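Visitor: One structure coming up, written as structure tokens, with questions to follow.
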Amino acid sequence: MTEESAHDGESARDRIVRTDGGSDQGVVRRDRFSGGPARSFLSSLVADERIFEADLEVDRAHVIMLAEQGIVEDDVAGRILTALDAIEVDGHASLPDGEDVHEAIETAVIERIGEAGGKMHTARSRNDEVAACIRYRVREDVLDAIETTIALREALAAVADAHRETIMPGYTHLQPAQPTTVAHWALSYEGAVRRDTERLFEAYGRINESPLGGAAFAGTTFEIDRERTAELLGFDGGPASGTRGTSAEQRSAVVIENSMDASSSRDFLLETVQALSTHATTLSGIAEDLIVFANRAFVSLSDDYSSTSSIMPQKKNPDTLELVRAVAGDAAGGVQGLTTTLKGLPRAYNRDLQRATTHAWETVDAVIEASEVAAGAIATADWNEDALAAEAGAGFSTATGVADLLAANGLPFRTAHEVVAIAAENGADYDAIDAAAAEVLGEPIDSFVDPEAVAAALDPAESVATRDSRGGPAPEVVADQLDDARDALASHEATLDETSEAIEAAHAALREEVNEYV
Ligand code: ARG
């Protein structure tokens with residue numbers, strides 16, 4: 001097939017492109033579909049600024065592959081690549097009008113070098129092109145998101161390290177439940193954010209595959225080399241450490257095999273937005289806890305992360321954390337918007353997909369910002385150890401520990417629970433426990449357990465120190481959790497660095513290839 005045959009019903013002469021700058025009519029669209037009331041509705045050019053650089057890279061890789069395959073002449077490739085460089089310098093804002101960045105860049109190339117610029121779009125479609133651009137760009141966004149999750153985990157680990165022994169009240173149902181430590185609280189969120197990091201790495205692996213060469217959806221008659229464009233764009237199927245169990249060699253170029261799947265699937269975006277939404281949900285819990293803790297004077301937020309009232313001069317409000325909490329709503333909205341856009345779409349490409357993409361950009365930006373703010377708020381917050389200690393035993397939060405003590409001394413736990421429940425109603429101290437024992441068991445408490453042990457169980461710090469089961473709050477087992485957190489951080493940081501380097505290396509290698517032509 002020749003390029004011409006793709007343009008049914010038009011002679012080559014009809015198609016001779018205008019080089020008179022008539023982009024109102026459009027050199028790509030010519031005078032069909034070039035105007036009308038729906039023109040701006042159709043266009044994604046503004047939102048496409050986000051994939052401007054990506055599109056240039058995708059164009060470069062495609063043109064180099066076309067030249068290597070002998071599909072376009074080397075000198076034509078050189079002229080196109082030179083034009084692409086000039087277009088990059090001029091920037092997205094200088095692009096001619098167009099339905100989207102792909103059309104506008106192609107138009108700009110043709111305006112610069114004439115008809116030969118039209119060879120750039122040989123053996124591809126905007127459908128595989130846009131899918132490649134989105135993957136190329138969201139790949140970087142996901143690495144940014146991963147970086148913020150890591151910074152947040154570092155902030156949480158630092159709080160844990162500084163507050164291994166800082167006793168605080170722990171809550172269930174927002175009611176005092178059992179004393180714990182600030183370290184135990186902080187590491188509870190480090191674990192959750194760690195999984196958020198892992199989910200993003202996993203999403204990255206499936207983003208980082210090449211749809212290029214899928215063309216409109218049905219492949220092409222040209223002898224393209226899909227692995228080559230995948231390689232040139234660094235689509236290697238994973239984060240550097242290969243969470244998907246593939247070796248570095250296997251990962252050198254990963255192509256999405258089926259061309260219809262390649263050009264029309266967006267599950268990689270849905271998965272990414274879902275992972276971000278999960279992270280935003282984790283963030284909302286952190287924010288809510290800090291808002292409650294600030295309200296109780298357990299923690300004092302830095303002024304940088306607080307706001308005041310325009311009327312009440314004394315106020316210091318946790319506004320930034322309230323916004324972090326709210327971003328979980330935005331992100332859930334992003335998942336909903338994307339899912340409902342994708343749901344029920346028929347194969348293959350449909351223009352609905354254009355509106356799917358923006359949900360991803362909005363979610364990525366909102367969640368990354370919220371994650372950075374949460375990390376900053378945590379890193380700069382001051383924990384009020386006295387206020388925390390004073391409240392740690394409130395609401396008879398040591399009751400479970402007392403019941404555990406009685407059970408450890410031979411009482412069935414259910415009976416111990418009953419004794420302590422009665423004591424809770426009657427003063428929640430040693431005497432109340434003694435009286436409850438007499439009532440339920442017919443004997444004083446000291447016939448079951450050493451009174452000193454009871455006194456210790458009633459002390460919040462002792463209560464924490466004795467809860468040394470794996471993963472519990474006792475400082476020595478929290479130290480193990482902190483070690484785990486640090487190990488995971490080091491490994492994720494290394495993977496992030498190597499993955500960013502892999503992208504950089506692909507970018508530099510592509511530049512070298514381009515330099516062979518320009
Ligand atoms: N702007 C379009 C998008 O975002 C590019 C693909 C257009 N393809 C088409 N067949 N109309 O999806």
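The values are calculated or read from the model by the stated rules, or taken from the named source; none is laboratory data. For clarity, every value in this text was computed on a predicted model and none was experimentally measured. Cβ placement follows ideal geometry from the backbone for every residue including glycine, while neighbour counts extend to all protein chains displayed. Areas reflect the complete protein model, heavy atoms only, side chains present, ligands, DNA and RNA absent. Shrake-Rupley method; radii C 1.70, N 1.55, O 1.52, S 1.80 Å.
Visitor: Give region 412-424 a look and list any residue that's open to solvent by 70 Å² or more (accessible area, probe 1.4 Å) and within 14 Å of Thr398 (Cα to Cα), or say none.
Guide: Within region 412-424, His417 is the sole residue that qualifies.
Visitor: Right, next: Would you confirm whether any residue within region 463-479 is exposed (fewer than 13 other Cβ atoms within 10 Å of the Cβ) and part of a helix (DSSP H, G or I)?
Guide: yes
Visitor: How many residues are in a helix (DSSP H, G or I), in contact (Cβ under 8 Å) with a residue 40 or more places away in the chain and open to solvent by less than 10 Å² (accessible area, probe 1.4 Å) if we restrict to region 187-210?
Guide: Of the residues in that region, 9 qualify.
Visitor: So, one more: Is there any pair with a first residue in region 43-71 that is under 23 Å from Ser94 (Cβ atoms) and a second that is more than 16 Å from the ligand (Cβ to nearest atom) and not in a helix (DSSP H, G or I) whose Cβ atoms are under 6 Å apart and which are 6 or more apart or on different chains, and what are they?
Guide: Close Cβ pairs satisfying both conditions: Ala61/Leu233.
Visitor: Which of the following residues is more than 16 Å from the ligand (Cβ to nearest atom) and of a type in the set (Gly, Ala, Ser): Ala374, Ala356?
Guide: Ala374
Visitor: Still on this structure, please answer the following. Hey, Glu57 hits all of (1) away from the ligand (no atom under 16 Å from the Cβ); (2) within 29 Å of Leu276 (Cα to Cα); (3) not in a helix (DSSP H, G or I) but one; which does it fall short on?
Guide: Tallying (1) away from the ligand (no atom under 16 Å from the Cβ); (2) within 29 Å of Leu276 (Cα to Cα); (3) not in a helix (DSSP H, G or I), Glu57 fails exactly one: (3).
Visitor: Mind counting the residues in region 307-350 that are away from the ligand (no atom under 16 Å from the Cβ), part of a loop (DSSP other than H, G, I, E, B) and in contact (Cβ under 8 Å) with a residue 12 or more places away in the chain?
Guide: Qualifying residue count for the region: 2.
Visitor: Give the residues of region 389-406 that are over 43 Å from the mean Cα position of the chain (by Cα) and either open to solvent by 30 Å² or more (accessible area, probe 1.4 Å) or of a type in the set (Ser, Thr, Tyr) (or both), sorted by residue number.
Guide: Scanning region 389-406 gives a single hit, Leu405.
Visitor: Sticking with this one: Here is a check on your reading of the model: is Ser264 open to solvent by less than 40 Å² (accessible area, probe 1.4 Å), over 18 Å from the mean Cα position of the chain (by Cα), within 16 Å of the ligand (Cβ to nearest atom) and modelled with pLDDT of 95 or more?
Guide: yes
Visitor: Pick out the one residue from Glu476, Glu493, Glu513 that is more than 27 Å from Glu154 (Cβ to Cβ), at pLDDT 95 or above, within 35 Å of the chain's Cα centre (by Cα) and among the acidic types (Asp, Glu).
Guide: Checking each option against the conditions leaves just Glu513.
Visitor: Does region 238-246 include one or more residues that are at pLDDT below 95 and more than 18 Å from His492 (Cβ to Cβ)?
Guide: The answer is yes; a qualifying residue exists.
Visitor: Also, quick follow-up: Give region 347-374 a look and list any residue that's under 22 Å from Ala151 (Cβ atoms) and open to solvent by 10 Å² or more (accessible area, probe 1.4 Å), or say none.
Guide: Trp361, Glu362, Asp365, Ala366, Ile368, Glu369, Glu372, Val373
Visitor: So, one more: Go through region 79-107 residue by residue and tally those that are among the small types (Gly, Ala, Ser), away from the ligand (no atom under 16 Å from the Cβ) and surrounded by 18 or more Cβ atoms within 10 Å (Cβ to Cβ).
Guide: Counting residues in region 79-107 that are among the small types (Gly, Ala, Ser), away from the ligand (no atom under 16 Å from the Cβ) and surrounded by 18 or more Cβ atoms within 10 Å (Cβ to Cβ) gives 1.
Visitor: Only one of these is within 25 Å of Glu476 (Cβ to Cβ) and at pLDDT 90 or above: Glu439, Glu425, Glu462. Name it.
Guide: Going through Glu439, Glu425, Glu462 in turn, the sole match is Glu462.
Visitor: Any residue in region 307-329 that is touching a Pro at 6+ places or on another chain (Cβ under 7 Å) and over 29 Å from Asn258 (Cα atoms)?
Guide: Scanning region 307-329 turns up no residue that is touching a Pro at 6+ places or on another chain (Cβ under 7 Å) and over 29 Å from Asn258 (Cα atoms).
Visitor: Now for a separate question. Would you check which residues across region 167-184 are crowded, with 24+ Cβ neighbours inside 10 Å and of a type in the set (Ser, Thr, Tyr) and list them?
Guide: Thr180, Thr181
Visitor: With the requirement that a residue be acidic (Asp, Glu) and in a helix (DSSP H, G or I), what does region 432-462 give you?
Guide: Within region 432-462, Asp434, Glu439, Asp446, Glu452, Glu462 qualify.
Visitor: Right, next: Can Val138 be described as within 32 Å of the chain's Cα centre (by Cα), within 16 Å of the ligand (Cβ to nearest atom) and closer than 30 Å to Asp484 by Cα?
Guide: yes
Visitor: For region 151-168, check the following and say yes or no: at least one residue is within 16 Å of the ligand (Cβ to nearest atom) and in a helix (DSSP H, G or I).
Guide: Within region 151-168, not a single residue is within 16 Å of the ligand (Cβ to nearest atom) and in a helix (DSSP H, G or I).
Visitor: Continuing with the same structure: Which of (1) surrounded by 13 or more Cβ atoms within 10 Å (Cβ to Cβ); (2) in a helix (DSSP H, G or I); (3) at pLDDT below 60 does Ala67 not meet, given it meets every other one?
Guide: (3)
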